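I have a structure I would like to understand better, so I am pasting it below and will then ask my questions one at a time.
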Amino acid sequence: MIKNYPYSRQKVSNQDIKAVVNVMKSDMITQGPVVKIFETQVAKYTKAKFSICVNSATSALHIACIALGFKKKDILWTVPNTFVASSNCALQLGGKIDFVDINYETGNIDLKLLEQKLVRAKKINKLPKILVPVHFAGVPTEQDKIWKLAKKFKFKIIEDASHSLGAKFKNQRVGSCKWSDITVFSLHPVKIITSGEGGIANTNDKKLYEIMQQLKNHGITKNKKKFINKSPGEWYYEQQLLGLNYRMNEISAALGLSQLKKLDKFVNQRNKIANFYNKNLNKKYLVLPKIEKDFYSSFHLYVIKIKSKNYKILQKKLFELLRKNNFFVQVHYLPVHLQPFYRKKFNFKKNMFWNSEKHAISSISIPIYPGLSERILHRIKNLINNFLIKNAK
């Protein structure tokens, strides 16, 4: 059987399997104690006051928006270079969406373009209620600068840190919420650690924490101190908000909790692979990830960008070559504003956010995950370098 090597994947150990089996043999496989333990440990790791575990990062984004008071006709800004969930959360609440382009080299939000857009938006009274900066590929955004803009222009911040659990900015762990209202993580199998499917929302605001905890469980509370009516007995509960069923189950939490113990090891291994690529891939023809001194990336993705004038043609040919050789590479991301739904609903057009568009037609995400052997890394390096030497101009 020929083995395929995806751009990223989970690494599950016997210890992880044992943790899941132990929960499967227990009395409770949902709404038990393990989710709470996982939440406590994530908060401890990230140095946040509170963590809320849910069934996906998409769910975390949704309840984060609701908790921050996002309503119909409010505006949310994010980047086009992201998965659609970063912007869909606004539309699900009847809001409006707009985008800020990225810095082509980093893939993250361009702060100069952000500030310019905020100045223009203020003049026409169309400032965003929420900004969702996305930590592309595991590199944190410059949250301290974004936080200053938030105070000046009065918007809330949800960090979409789906890629960057385990990363740091200015010696602060991503998820500390030092420079944001809420931070969201993904626990999908391709991310740094996994719970199968799952997501996390961090915050330092107790009120936001309590609202999100209720929202993930149908808007229900069983806390006697929070009851509006007098309790008739131990069976009593109250639905106080219009919530959803976004709970994480005990099985997922057990896997996530076991994986959390290896998070730093996983991130370290990803950085070692990134260092190999940085040293060995042909910089004459490629733009490689550049991590500045204040940043520590979790390297969820390793993205190469082709420099050559005919980058679009070369991207397709190199993509097909790597796939043919069983390297399941991918493009991250197809710009959200050019998705048919967004073009039809909001009349977005090509060339509106050119850096994101160029990124999508010049970049490829190549394999990076714990367990990749040196032999396989050399195969990837040789395929890419030999192709570029023969084809790039």
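The values are calculated or read from the model by the stated rules, or taken from the named source; none is laboratory data. Not measured: the values here are computed from a predicted model. Counting neighbours? That spans all protein chains shown, and the Cβs are built from the backbone with ideal geometry, glycine included. Surface accessibility is based on the protein's heavy atoms, side chains included, excluding ligands, DNA and RNA. Shrake-Rupley method; radii C 1.70, N 1.55, O 1.52, S 1.80 Å.
Please specify each residue of the range 330-353 satisfying the condition of being among the hydrophobic types (A, V, I, L, M, F, W, C), surrounded by 14 or more Cβ atoms within 10 Å (Cβ to Cβ) and more than 20 Å from Ala274 (Cα to Cα).
Correct list: Leu334, Val336, Leu338, Phe346, Phe348, Met352, Phe353.
Just give me the residues in the range 198-225 being open to solvent by 80 Å² or more (accessible area, probe 1.4 Å) and either within 33 Å of the chain's Cα centre (by Cα) or of a type in the set (A, V, I, L, M, F, W, C) (or both), in sequence order.
Within the range 198-225, Lys206, Lys207, Lys222 qualify.
Which of the residues spanning the range 93-121 are farther than 12 Å from Ile75 by Cβ and of a type in the set (D, E, K, R)?
Hits for the range 93-121 are Asp101, Glu105, Asp110, Lys112, Glu115, Arg120.
Evaluate the range 147-162: report whether one residue or more is in contact with a helix residue (DSSP H, G or I) (Cβ under 7 Å, 6 or more places away or on another chain), hydrophobic (A, V, I, L, M, F, W, C) and in contact (Cβ under 8 Å) with a residue 40 or more places away in the chain.
For the range 147-162, residues in contact with a helix residue (DSSP H, G or I) (Cβ under 7 Å, 6 or more places away or on another chain), hydrophobic (A, V, I, L, M, F, W, C) and in contact (Cβ under 8 Å) with a residue 40 or more places away in the chain: present.
Is it the case that Lys381 is farther than 18 Å from Asn278 by Cβ, among the charged types (D, E, K, R) and not in a loop (DSSP other than H, G, I, E, B)?
Against the criterion (farther than 18 Å from Asn278 by Cβ, among the charged types (D, E, K, R) and not in a loop (DSSP other than H, G, I, E, B)), Lys381 does not qualify.
Check Leu263, Leu257, Leu288 and return the single one that is over 20 Å from the mean Cα position of the chain (by Cα), modelled with pLDDT of 95 or more and either surrounded by fewer than 21 Cβ atoms within 10 Å (Cβ to Cβ) or on the phi < 0 side of the Ramachandran plot (or both).
It is Leu288.
What helices (runs of 4 or more DSSP H) completely inside the range 5-116 contain at least 1 residues that are in contact with a His (Cβ under 8 Å, 6 or more places away or on another chain)?
It comes to 57-67, 85-91.
Could you grab the pairs with beta carbons closer than 8 Å, sequence gap of 6+ or different chains, first residue in the range 271-293 and within 20 Å of Ile306 (Cβ to Cβ), second one in a loop (DSSP other than H, G, I, E, B) and open to solvent by 60 Å² or more (accessible area, probe 1.4 Å)?
Lys284/Lys307; Tyr285/Lys307; Leu286/Lys307; Val287/Glu105; Val287/Lys307; Lys290/Glu105; Lys290/Thr106
Here is a follow-up. From the list Leu215, Leu208, which residue is more than 15 Å from Ala48 (Cα to Cα) and modelled with pLDDT of 95 or more?
Leu215
Scan the range 68-79 and give yes if some residue there is surrounded by 21 or more Cβ atoms within 10 Å (Cβ to Cβ) and within 17 Å of His163 (Cα to Cα), otherwise no.
Yes.
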